[in-house]
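Worksheet: the structure to be examined is printed underneath.
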Amino acid sequence: MSKPRTLSPLDRLLDSAQNAVSTVAGDPRAERANPGDATPDVILDATERRHAAGLMRINHVGEVCAQALYIGQAAVARDPATRQQLLAAAQEETDHLAWCADRLRELDSRPSLLNPLWYAGSYAIGALAGLRGDGWNLGFVVETERQVEAHLEEHLQDLPEADARSRAILRTMKADEARHADDAEAAGARPLPPPIPRLMAAASKLMKSVAYRL
């Protein structure tokens, strides 16, 4: 039986570049069925459709950022098991990205115009977190996912009442994010120092405010 190939730093850089292009400019494909497909769509009025699209655009940006964070962290992860865990989570985030993109099209809307900026910033943050060591790397995953869970819950409450299709997508995403956080905790995540979660929350608030419109 052949051994798995060990990736060189150049290999990891090329993998990261390919993911960036696919995430920002490509058309990511989900491995799982879209949870919204089983829910009949409804006609929303113009105001409801714009609001639902704004919320789903925020969630799409969140998945762009999640891809970049995980790939950035995986690029510098020291433990192969940690790297594999990050890449597995990134694949599920690709499903989320594709589902949100599908829903934006159904709502006659588009992703954020600033996705290249969101990706670049998040990749840099992920790589910096990873350089602190795998315990901090996983701690960053936990805090990210807990904050994402919280904003998904807000969106579940804030979506137009009739938009069951978007709500079905967000429920599945929320369950996945909770599992990612639980897995990272079980793998040895270290709690982040108090200022970092607050800074992450502030950055997330700014992103959501901008992405809702752009």
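No lab work stands behind these numbers, since they all come straight from the coordinates. Quick caveat: nothing in here was measured; it's all calculated off a predicted structure. Ideal geometry is used to build each Cβ from the backbone, glycine not excepted, and the neighbour counts take in all protein chains shown.
Largest first and to the nearest Å, give the Cα extent of region 129-214 along each principal axis.
The Cα atoms of region 129-214 stretch 45, 26, 18 Å along the principal axes, largest first.
Once the dipole of the chain is set up with Lys and Arg at +1 and Asp and Glu at -1 on Cβ about the Cα centre, which of I125, A164, A98 lies farthest towards its positive end?
I125
Give the angle, between 0 and 90 degrees and rounded to the nearest 10, that separates the Cα long axis of helix 46-76 from the longest principal axis of the Cα atoms of the chain.
Here the helix axis deviates by roughly 10 degrees.
Could you tell me the distance between the Cα centroids of region 51-75 and region 144-194, to the nearest Å?
Region 51-75 and region 144-194 have Cα centres separated by 12 Å.
For the chain, what's the relative contact order in percent, using C-alpha pairs closer than 8 Å and at least 6 residues apart?
That works out to 29 percent.
Given +1 on the Cβ of Lys and Arg, -1 on the Cβ of Asp and Glu, and no further charges, what dipole in debye does the chain carry about its Cα centre, rounded to the nearest 20?
For the chain, the charge dipole is close to 660 debye.
Where in region 130-162 is the amide nitrogen less than 18 Å from a point lying 7 Å along the Cα-to-Cβ axis of S209?
Residues 151 qualify, since their backbone N sits under 18 Å from the label point.
Just one of (1) 1.16; (2) 1.02; (3) 0.97 is Rg/Rh (Cα atoms, Kirkwood Rh) calculated from these coordinates, so which is it?
(3)
Is it possible to state the helix-based mean residue ellipticity at 222 nm for the chain, with each DSSP H run of 4+ residues giving -39500 (n - 2.57), the sum divided by total residues, to the nearest 500 deg cm²/dmol? What is it?
Theoretical 222 nm ellipticity from helices: -25500 deg cm²/dmol.
For the chain, set up a Gaussian network in which alpha carbons nearer than 10 Å are linked by springs, and say which option among L113, L86, L138 fluctuates the most.
Most flexible of the set in this elastic network: L113.
When the chain is treated as a GNM, springs tying every alpha-carbon pair under 10 Å, which of L107, L156, L44 comes out with the largest mean-square fluctuation?
Greatest mean-square fluctuation among the candidates belongs to L44.
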